[in-house]
Amino acid sequence: MRYCFGVDIGGTTVKLGLFKFDGEVLEKWEIKTRTENEGANILPDVAAAIKERMAQHELPKEDVLGVGVGIPAPVMETGIVKATANLGWGYKEVKHELEELLEIEVKVGNDANVAALGEMWKGGGLGHRNMIMVTLGTGVGGGVITNGHIMVGGHGAGGEIGHICVNYDETEKCGCGSRGCLEQYASATGIARLARKRLAKNEDATVLREKNINAISAKTVFDAVKEGDKVACEIAEEFGQYLGYALANLAVIVDPEIIVIGGGVSRAGEILLDYVTKPFMERVFFANKECGFALATLGNDAGIFGAAKLVLK
Ligand SMILES: [Zn+2]
């Protein structure tokens, strides 16, 4: 029997999983991400956690095919990271350093791209080889898989769907410094922003007004949609149009078999897909119309699954 490890490094915790060759997860656990001292402890901590499990299960090195790692930063094909926003690292040769510590082969990828690979392997994209994944959380993340492989790009930044410009006239800035990014309309914070703007437009009756305007979230909007609230439905339509048109544009390049939508906002369920697929189908190029839509199913585990898959290929 052969095994591999999937590791998902986040700003506060590192998630780890021990996988069997066929993708069965035998064990998963977490350790703290120690970001102090420019994150100098992170990789040694990961290596120690893996060695400890190998000793516990009496796994010889020869039985471990490799260790896959997802990182919240652009990652080059070579496993090199140039800078991170929340790990404390500057330039870091992640693959090389971890291989030195473990003496096992290591593969490294961007966390959102790796999560997309996980969803294709064992989640919402199961059975497909060409897929776009979009993660609607605080921001909008993304990953593109073509012919089973992550589209990494020339600078490790392939698949950053959240920063496609969908509104040339936007005056407010996105977190990235640009203006009119998809993230400003389709993330949880983006949907709340659309809601506040819609409420300020006129005095139309809506259950959303019963709440403190600053307490309105993507969840309160979609809960109101489910109650049939007209204004909430308009906000959902506006969100769906931004995301649906952006995905139709991407479909021309990727020609996906399936588009998988994940992240906190996707907990609204199937109704969210309805609001996205309608504008998508209105604008998508005829040859891309057979593309399907699905919700992500792996939740926070997508990262460790995708990291394991990096190794298994
Ligand atoms: Zn942006």
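Throughout, read-outs are computed from the coordinates displayed, never taken from laboratory work. Bear in mind the structure is a predicted one, so any value in this text is a computation, not a measurement. A quick note on method: Cβ atoms are made from the backbone with ideal geometry, for glycine too, and the neighbour counts reach across all protein chains shown.
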**Study point:** Cross-chain or 6+ apart pairs with Cβ under 8 Å, segment 225-239 first and outside any helix (DSSP H, G or I), then crowded, with 17+ Cβ neighbours inside 10 Å
**Key:** D229/T206; D229/L208
Review point. Looking only at segment 95-136, which residues are farther than 23 Å from V265 by Cβ, buried (at least 23 other Cβ atoms within 10 Å of the Cβ) and hydrophobic (A, V, I, L, M, F, W, C)?
Key: L98, V106, V108
Review point. Just one of G263, G299 is at positive phi and touching a strand residue (DSSP E or B) at 6+ places or on another chain (Cβ under 7 Å); which is it?
Key: G263
Review point. For segment 87-99, does any single residue satisfy the condition of being of a type in the set (A, V, I, L, M), within 16 Å of the ligand (Cβ to nearest atom) and assigned to a helix (DSSP H, G or I)?
Key: no
Practice item. Give segment 11-56 a look and list any residue that's without any contact (Cβ under 8 Å) to a residue 12 or more places away in the chain and either buried (at least 19 other Cβ atoms within 10 Å of the Cβ) or outside any loop (DSSP other than H, G, I, E, B) (or both), or say none. Key: A48, E52, M54, A55, Q56
**Study point:** Filtered residues of segment 131-179 (kept if of a type in the set (S, T, Y) and within 16 Å of the ligand (Cβ to nearest atom))
**Key:** T135, T138, Y168, T171, S178
Review point. Which pairs do you get when a residue that is closer than 13 Å to I304 by Cβ, found in segment 98-119, comes within reach of a residue that is aromatic (F, W, Y) and assigned to a helix (DSSP H, G or I), reach meaning Cβ atoms under 9 angstrom, with the pair 6+ apart or on two chains?
Key: V114/F305; A115/F305; L117/F305; G118/F305; E119/F305
Review point. Can you tell me which of G143, G124, G118 is more than 26 Å from L43 (Cβ to Cβ) and touching a Leu at 6+ places or on another chain (Cβ under 8 Å)?
Key: G124
**Study point:** Members of segment 74-106 that are on the phi > 0 side of the Ramachandran plot and touching an Asp or Glu at 6+ places or on another chain (Cβ under 8 Å)
**Key:** G79, G88
Check your understanding: Going by the structure shown, is I259 surrounded by 20 or more Cβ atoms within 10 Å (Cβ to Cβ), farther than 28 Å from W121 by Cα and not polar (S, T, N, Q)?
Key -> no
Revision key, fill the gap. D8 vs (1) part of a strand (DSSP E or B); (2) within 19 Å of the chain's Cα centre (by Cα); (3) surrounded by fewer than 20 Cβ atoms within 10 Å (Cβ to Cβ): all pass except (3)
Study note, to complete from the structure: Over segment 180-216, the set of residues within 16 Å of the ligand (Cβ to nearest atom) and not in a helix (DSSP H, G or I) is G180, C181, L182, S187
